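Asker: Mind looking over this structure? Questions follow.
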Amino acid sequence: MKIVCIGRNYAAHIAELENERPKDPVVFIKPDSAVLSKEQDFYIPDFTQNVHYEVEVLVKICKVGKHIGVDFAHKYYNEIGLGIDFTARDIQSQLKAKGLPWEKAKGFDGSAVIGKWLPKSDFKDLQNLNFTLEQNGKTVQRGNTNLMLWKIDELIAYVSTYFTLKKGDVLFTGTPAGVGQIVANDYLSGKLEGQEIFSLKIK
Ligand code: ZN
C-alpha cells in the first residue's frame, strides 16, 4: 500500500507556516514503512530536534482506479479515519529552503499514525466532520472538513490523474491550523465527531 498525503489543504494552516496558497493540491507520498504499528509508542528519531504533529482525516481506498472523475470518487472509499502526519519540521524547513524533496522529513519510520476505521455511512456529511487532537489532555488542533480547500472527492480525482489508487491505499487529507511540537512523555489523542480514533505515547 501507499500513503498519499495532501499538503496545504486548510487556509489557516497555510497562513501559520507562511506558505503560499497553492493553485493545485500539494501532493506527497509516504512509504508503507512509515506506518506506525498499532498500539506502538512513537519514538522521536535522533535526526530531528523538532517533530510536529499534524492531525488529518484519512480515507481508505477500496478499489483500484485511475483518472477517477469527481462524481465517481465516492465509489472508491467506504471508510473514514483519523491519523497523524508526523513531520520533522526542522528537516523539512532545510529541504524546502533548498527546493529539495521532503521525504526524509515526512516519510520516516513511524511518521504515519493511522487510527481505527469507521464506515463512511456512519456520517451524514463527510464534508462537515469535526475533529480534534489533544496533547496531554489539552486540545491543540481543532478542524472541520468543511474548511478543506479541496474536498475529499476532488482530492481523489486529482491524485488519481498521477497515481493509480489501489485497494488499501490511504489518503491523508491535510491538517488544519494548530500544528506544534511533541516531546517525550506526551500523550496524544485524536477524536472524530467526539469519538476517540487513536491515542499514543511519545517516547
Ligand atoms: Zn500533513
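Asker: Classify the stretch 83-203 as rounded, prolate or oblate from the Cα gyration tensor: take a ≥ b ≥ c as the square roots of its eigenvalues, call it rounded if a/c is under 1.5, otherwise prolate when a/b beats b/c and oblate if not.
Answerer: Details: a/c = 1.70, a/b = 1.06, b/c = 1.60.
Cα axes put the stretch 83-203 in the oblate bin.
Asker: Might you tell me the accessible area per residue for the chain, computed with a 1.4 Å probe and given in Å²? Each step should come with its number before you reach the end.
Answerer: On the way: 9720 Å² over 203 residues.
Counting only protein heavy atoms, the per-residue value for the chain is 48 Å².
Asker: Would you give the gap between the C-alpha center of the stretch 1-38 and the C-alpha center of the stretch 152-196, rounded to a whole Å?
Answerer: Each part reduced to its Cα centre gives a spacing of 8 Å.
Asker: Right, here's the next one. Give, rounded to the nearest 20 debye, the magnitude of the charge dipole that the chain has about its Cα centre when Lys and Arg contribute +1 at Cβ and Asp and Glu contribute -1 at Cβ. Before the final figure, lay out the partial values.
Answerer: Values: 26 positive and 25 negative charges, 82 e Å.
Dipole size: approximately 400 debye.
Asker: While we're looking at this one, here's another question. Counting only residues 5 or more places away or on other chains, whose amide H sits under 5 Å from the amide H of Y43 once H atoms are built in the peptide plane?
Answerer: Under 5 Å from the amide H of Y43 lie the amide H atoms of K203, each far enough along the sequence or on another chain.
Asker: Keeping the other protein chains in place, figure out the carbon and sulfur percent of the accessible area of the stretch 3-201, with a 1.4 Å probe. Mind showing how you got there, number by number?
Answerer: Numbers: 4640 of 9480 Å².
Carbon with sulfur: 49 percent of the solvent-accessible area.
Asker: Say the dipole of the chain comes from +1 at the beta carbon of Lys and Arg and -1 at that of Asp and Glu; which of H67, A34, P119 then lies farthest toward its positive end?
Answerer: Positive-most Cα among the choices belongs to H67.
Asker: Treating the beta-carbon of each Lys and Arg as +1 and of each Asp and Glu as -1, no other charges, what is the dipole magnitude of the stretch 57-141 about its Cα centre, to the nearest 20 debye?
Answerer: So the dipole magnitude of the stretch 57-141 works out to roughly 200 debye.
Asker: Run the helix sum for the chain: -39,500 (n - 2.57) per DSSP H stretch of 4+ residues, divided by residue count, reported at 222 nm to the nearest 500 deg cm²/dmol. Don't skip to the end; give the middle numbers.
Answerer: Values: 4 runs with 27 residues, N = 203.
Calculated mean residue ellipticity at 222 nm is -3500 deg cm²/dmol.
Asker: Based on alpha-carbon atoms only, what is the radius of gyration of the chain relative to the globular estimate 2.2 N^0.38 Å? Walk me through the numbers before you get to the answer.
Answerer: Numbers: Rg = 15.7 Å, N = 203, 2.2 N^0.38 = 16.6 Å.
The chain yields a ratio of 0.95.
The values are calculated or read from the model by the stated rules, or taken from the named source; none is laboratory data. Given the structure is predicted, the values throughout are model-derived calculations rather than measurements. Glycine gets a Cβ as well: all are built from the backbone with ideal geometry, and neighbour counts include every protein chain shown. Heavy atoms of the whole protein, side chains included, go into the accessibility calculation; ligands, DNA and RNA do not. Shrake-Rupley method; radii C 1.70, N 1.55, O 1.52, S 1.80 Å.
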